[in-house]
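Notes for the one structure printed next.
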Amino acid sequence: MTTYYLGLISGTSMDGIDAALLVFNEQPRLLAHYSHPLPHHIRQQLYQLQTPGQDELATAMRLDVELGRLFATAALTLLEQANLDPDQVTAIGSHGQTLRHYPDGLTPTTWQIGDPNIIAEQTGITTIADLRRRDVAAGGQGAPLVPAFHAAVFRQGGTNRAILNIGGIANLTLLPGETTRPVTGFDTGPGNGLMDAWIGQHQDQPYDRDGEWAASGHVHPGLLERLLHDAYFQRPPPKSTGREYFNLDWLKPRLEPFADLAPRDVQATLCELSARTIAEALETRMDYVEELLICGGGVHNRQLYQRLEELLTPARITTTAEAGIDPDWVEAAAFAWLAKQTLAGAPGNLPSVTGASHPVVLGGIYPGKGPSDE
């Protein structure tokens with residue numbers, strides 16, 4: 001009997017809810033995918049919640065419900081497009097939408113909303129959610145979680161391969177060709193997030209299409225050097241970050257000495273910041289990378305892609321499509337896989353990545369429609 005799993009995620013770019021339908025045999029196979037847009041007013045409120053403000057609790061509680069409904073709609077729409085009934089799907093793995101991510105300090109925590117009770121109720125499908133906090137409870141960062149999926153799907157003996165996911169934040173998974181060596185991974189810093197925020201402020205656009213605005217400007221060496229001095233880039237793994245750290249409030253004081261800089265030149269410098277921090281992190285943490293497979297929305301930023309090719313020569317750079325999964329759907333696919341792991345009672349984290357004290361089964365299980373509901 002064929003078993004289907006469905007993965008849902010809204011990432012740090014908050015450009016929509018990605019839904020991926022997978023079947024698992026010897027290797028997972030992506031059957032169908034769908035991206036459900038986030039209404040503008042919800043996206044704006046989510047942005048506001050990621051920085052301190054007034055009446056945050058009431059806003060977060062309301063958005064938890066509204067996002068739960070939208071996630072359920074995304075799942076049901078995908079199934080309709082794939083001509084599948086909900087009762088044919090074993091489980092949904094829902095990442096939710098991260099509001100805050102504070103994995104360090106005396107009270108480490110991370111918070112994702114998008115009520116899984118609503119997803120399970122409206123779809124009738126068992127839903128696995130809250131997938132990060134058990135790793136945090138075990139002493140880990142709670143992120144990145146996708147390296148475990150990358151290792152299961154993309155690792156190739158004899159080839160030093162890295163997977164780069166470029167969302168609002170960029171993260172790397174390092175897959176040594178010597179398979180006795182551990183898989184490692186971490187957030188490198190900004191991916192698209194700062195560029196998205198900057199073009200949103202100056203051109204009222206959600207993102208820099210094809211990296212054209214960045215390509216039209218010139219990198220400012222002084223500003224770049226100032227940005228690169230942030231302590232996060234020098235920290236060793238395990239480490240993770242998010243929009244609550246790398247945002248326009250982070251950028252503003254660093255820009256003050258360069259007040260006359262043209263906005264397009266700032267965008268070019270932010271693009272270079274992403275490329276440089278990714279490349280330097282990869283070269284520092286992997287002795288010799290032969291292949292870099294890129295996924296996430298940043299794969300469409302031609303300027304960023306080109307700079308990575310230049311900085312990482314002679315490594316072969318391509319996308320995860322070459323390894324069998326469309327780069328736009330790798331993260332959603334990963335959360336379908338994590339749901340499968342949880343239902344099997346199998347760990348979903350990699351302590352060598354997150355820093356957790358041991359492997360743990362991730363998330364909570366929210367049952368779908370049972371026999372009594374028929």
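Readers should treat all values here as calculations from the given coordinates under stated rules, not as data from a laboratory. Values in this document were obtained by computation on a predicted structure and should not be read as measured data. All Cβ positions, even for glycine, are placed from backbone atoms using ideal geometry, and neighbour counts span all protein chains on display.
Amide H of residue 316 versus every other amide H placed in the peptide plane: which residues, excluding those fewer than 5 positions away on the same chain, fall under 5 Å?
Answer set, sorted by chain and number: 291, 292.
For segment 165-179, what does the Karplus curve 6.51 cos²θ - 1.76 cosθ + 1.60, with θ = phi - 60°, yield as ³J(HN,Hα) per residue in whole Hz, taken in order and with x for Gly and Pro?
Rounded to whole hertz, the list is 9, 10, x, x, 10, 9, 9, 10, 10, 9, 10, x, x, 7, 6.
Quick one: order 320, 269, 109 by neighbouring beta-carbon count within 10 Å, fewest to most.
Details: 320 24, 269 27, 109 14.
With the fewest neighbours first, 320, 269, 109 line up as 109, 320, 269.
Report relative contact order for segment 146-324 in percent, whole number only (criteria: Cα-Cα under 8 Å, sequence separation at least 6). Mind dumping the intermediate values first?
On the way: 308 pairs, mean separation 49.4, N = 179.
Result for segment 146-324 is 28 percent.
Mind running the shape call on segment 146-324? Use the C-alpha gyration tensor, a ≥ b ≥ c as the square roots of the eigenvalues: rounded below 1.5 for a/c, prolate if a/b tops b/c, oblate otherwise. If you can, show how the numbers build up before the last one.
On the way: a/c = 2.08, a/b = 1.76, b/c = 1.18.
Verdict is prolate for segment 146-324.
Need the list of lysines near residue 369 for cross-linking: C-alpha distance under 25 angstrom, and skip anything on the same chain fewer than eight residues off.
340
Just to be sure I understand the rule: take each whole DSSP H helix in the chain, project its Cα atoms onto its long axis, keep it if the span is 24 Å or more and its mean Kyte-Doolittle hydropathy is at least 0.0. Which ones pass? Intermediate values should be presented prior to the final figure.
Numbers: long enough: 56-81 (36 Å, 0.60); 263-285 (33 Å, -0.25).
Answer set is 56-81.
Search the structure for amide H atoms under 5 Å from the amide H of residue 142, placed 1.01 Å from N in the peptide plane, and list their residues when 5 or more places away or on another chain.
So residue 142 has HN proximity to 136.
I need to check one value: relative contact order of segment 1-127, counting alpha carbon pairs closer than 8 Å and at least 6 residues apart, in percent. Could you put the intermediate results ahead of the total?
Working: 220 pairs, mean separation 36.4, N = 127.
Averaging sequence separation for qualifying contacts and normalising by length gives 29 percent for segment 1-127.
Report relative contact order for the chain in percent, whole number only (criteria: Cα-Cα under 8 Å, sequence separation at least 6).
Working: 809 pairs, mean separation 84.7, N = 374.
Relative contact order for the chain comes out at 23 percent.
Taking a ≥ b ≥ c as the square roots of the eigenvalues of the Cα gyration tensor of segment 258-336, is the shape rounded (a/c under 1.5), prolate (a/b larger than b/c) or oblate? Spell out each step's value before the answer.
Working: a/c = 2.34, a/b = 1.47, b/c = 1.59.
Cα axes put segment 258-336 in the oblate bin.
Using a Gaussian network model on the chain with a 10 Å cutoff between Cα atoms, which of 224, 273, 131 fluctuates the most?
The residue that fluctuates most here is 224.
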